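First comes the structure, then the notes that go with it.
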Amino acid sequence: ALQALKAAGFRFVMVSNQDGLGTPSFPLADFQPVQDFILALFASQGIEFDTVLICPHFARDGCTCRKPGVALITPYLAGHPLDPARSYVIGDRDTDLTLARNLGLTGLRVRAGGGPGEDWPAVTRRILESSRRATLARKTRETDIQVDIDLSHAEGSSIHTGIGFFDHMLEQIAR
């Protein structure tokens, strides 16, 4: 699933709550080898994360960086603005979906352990089949042009310049 999303141009950020990370009951030495293994496994398949953001606090601590809070992600977003129409939060918990809403993004629930949500192929299809559209308009003294592109649309092109031969040539490019 992540390889298909990467091939479509998506980038990845990992955001995780790890209750009590670094405390005597959950020492960093127990967490880090597993985390490193997972990241190396992803990297061996060509999947790398722009950043990995981990909140070590317990829910009772009331911190603002714990999901669904956005404080952990805000510094990253300051240097990496998102396109809300083409950005997603994928997770297996309600807090992930709330995080998505708090960021103004679409949240998709992936099923874990027989719980609610969709499997990874269904989540991937929803993202990749969502509309990939762009519109560009330019008006000068000589021209008035509007181009609408929908990369998800299976039908052919529709080009109307008023010049038949030119329409035909542009349709060939579109094909």
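The values are calculated or read from the model by the stated rules, or taken from the named source; none is laboratory data. The model shown is predicted, which means the values in this text are computed figures rather than measured ones. When we count neighbours, we look across all protein chains shown, and the Cβ atoms used for this are built from the backbone with ideal geometry, even at glycine. Heavy atoms of the whole protein, side chains included, go into the accessibility calculation; ligands, DNA and RNA do not. Shrake-Rupley method; radii C 1.70, N 1.55, O 1.52, S 1.80 Å.
Numbers below:
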quantity	calculated
Relative contact order (%) - the chain, alpha-carbon pairs under 8 angstrom, separation at least six	14 percent
From phi via Karplus (6.51, -1.76, 1.60), per-residue ³J(HN,Hα) for region 59-74 in Hz, x at Gly/Pro	4, 5, 6, x, 6, 9, 8, 6, 4, x, x, 10, 4, 5, 8, 3
Nearest-0.05 FRET efficiency for residue 92 and residue 136, computed from C-beta distance (R0 41 Å)	0.60
Shape call, the chain: gyration tensor on alpha carbons, a/c limit 1.5	prolate
For region 1-150: accessible area per residue (Å², 1.4 Å)	65 Å²
Segment residue 59-residue 151, extension gain: residue separation times 0.36 nm, minus the distance between their alpha carbons	28.9 nm
Ranked order, 63, 55 - accessible area, probe 1.4 Å, largest first	63, 55
Label-reachable residues, region 24-65, where backbone N falls under 20 Å from a point 7 Å from residue 11's Cα toward its Cβ	39-40, 42-54
Estimated dipole of the chain in Debye, rounded to 20 [Cβ of Lys and Arg +1, of Asp and Glu -1, Cα centre]	260 debye
Cα→Cβ-extended label distance, 7 Å offset, between residue 44 and residue 120, nm	1.4 nm
Area accessible to solvent at residue 36, 1.4 Å probe radius, in Å²	80 Å²
Highest-MSF residue in the chain out of 101, 60, 11 [GNM, Cα springs under 10 Å]	60
Long-range HN-HN contacts of residue 18 with modeled amide H, under 5 Å	55, 57
Percent RCO, i.e. relative contact order, over region 63-152, from Cα pairs under 8 Å lying at least 6 residues apart	17 percent
